[in-house]
Amino acid sequence: MSEVKKLVDISIDDIEPVAVSELEKRRVKQHVLGRKKKRKPYQGIAAAAVIVIGAGIAGSFAAPSLATQIPIIHNIMSYFTEEDSYNENFAKVAADISQTQTSNGVSVMIEDAAFDGSSITVSYAIQTDKELGETPYLKVPFDVKGSDGMGSSGRIEKINENTYVGTEKITPHFKGKTPDSLVMRWEPKAFVNMKTNESVKGDWKFAFNVRSLENKKVVVNQTTEANGVSVLIQSLETNDLSTIIHYSRYVDDKAILEKWPDVSVEIKSAVDDLGNSYKVDSNGGISRDNGISFDGSSTIKSVDPKAKSLIVVPVIYFSKGSGDGLETKEMDPIQIELK
């Protein structure tokens with residue numbers, strides 16, 4: 001007899017099965033998993049933070065309050081973990097943050113964060129009796145001290161009448177080497193209902209430190225070229241959470257940029273020699289010379305340690321900007337030797 005049957009005085013075999021939604025499945029998974037053991041927290045208060053253009057912002061922070069305003073929510077990332085996604089092991093490696101701020105009757109809690117050496121992934125929850133719709137969005141994203149550019153992506157989901165869970169992945173760019181420890185700051189200002197455009201404003205202020213996971217680096221330096229665009233796969237970095245593919249793009253003919261002012265590259269697919277296919281999550285990138293060159297990265301879940309090679313396929317996106325014209329060109333695959 002299973003442990004569940006021992007806990008209830010009913011016959012499990014007599015229960016009629018019913019269909020459940022994917023969200024309900026994630027809620028059950030979250031409840032069963034509970035809180036996983038996390039690394040020691042790296043929390044701190046920053047006097048300043050840097051936004052996308054690199055301007056400093058000075059300010060003071062209220063001390064984080066105890067998480068009493070939000071019902072106990074554990075393993076928030078389980079709501080967003082998809083099969084083969086890079087965040088499958090998030091709960092095992094994330095640093096516990098556990099900061100809560102309440103403003104204007106709305107409580108926001110940052111549960112945990114993980115820094116894989118390139119991107120920081122954060123999970124959080126929102127408690128409010130105000131209607132934000134099924135998928136609201138942030139008014140102001142996270143900041144990373146010292147970065148001179150940044151890309152971010154994330155989403156928020158409603159899990160019950162008053163509670164929302166969210167995740168954000170932030171990829172900062174630095175002139176020179178990326179620090180091993182980052183100071184994060186977040187003042188969301190408001191959460192916005194996507195359908196009605198109504199917002200819930202508040203004065204939440206968070207600051208914390210997060211250290212990089214230990215990475216194993218493989219230097220690649222392999223190039224492919226198509227339509228006047230060269231792509232160099234520079235290296236792979238693998239840790240307990242993810243594998244990061246670092247690459248650069250160079251436009252050989254300036255006439256291309258006159259026709260297509262925005263030329264970007266992403267990794268379309270990644271497959272190892274064992275047949276494992278990895279879901280690719282783009283981190284975006286940065287250009288410091290008006291689009292002639294571009295440094296970017298993509299994230300996949302940690303490559304199978306038994307794999308000996310990884311084949312990646314870059315794709316070029318030619319755009320005129322502002323949604324006016326878009327063409328794509330798939331490039332030749334690049335085989336990366338892992339061992």
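Read-outs: derived from the displayed coordinates by stated rules, not from any lab. Computed from a predicted model, the values in this text were never measured in an experiment. Cβ placement follows ideal geometry from the backbone for every residue including glycine, while neighbour counts extend to all protein chains displayed.
How long is the gain from Asn221 to Lys268 if the chain were fully straight, where each residue apart is worth 0.36 nm and the alpha carbon distance is subtracted?
The Asn221-Lys268 span can extend by a further 15.1 nm.
What FRET efficiency comes out for the pair Gln335/Lys254, r = Cβ-Cβ distance, R0 = 41 Å, nearest 0.05? Working from the Cβ atoms, E equals 0.85. Extending each Cα 7 Å along its Cβ direction at Leu326 and Ser153, get the distance between those two points in nm, one decimal. Distance between the two pseudo-spin positions: 1.2 nm. Given their separation in residues at 0.36 nm each and the Cα-Cα distance between them, Ser98 and Glu161 gain 20.4 nm when the chain is fully extended.
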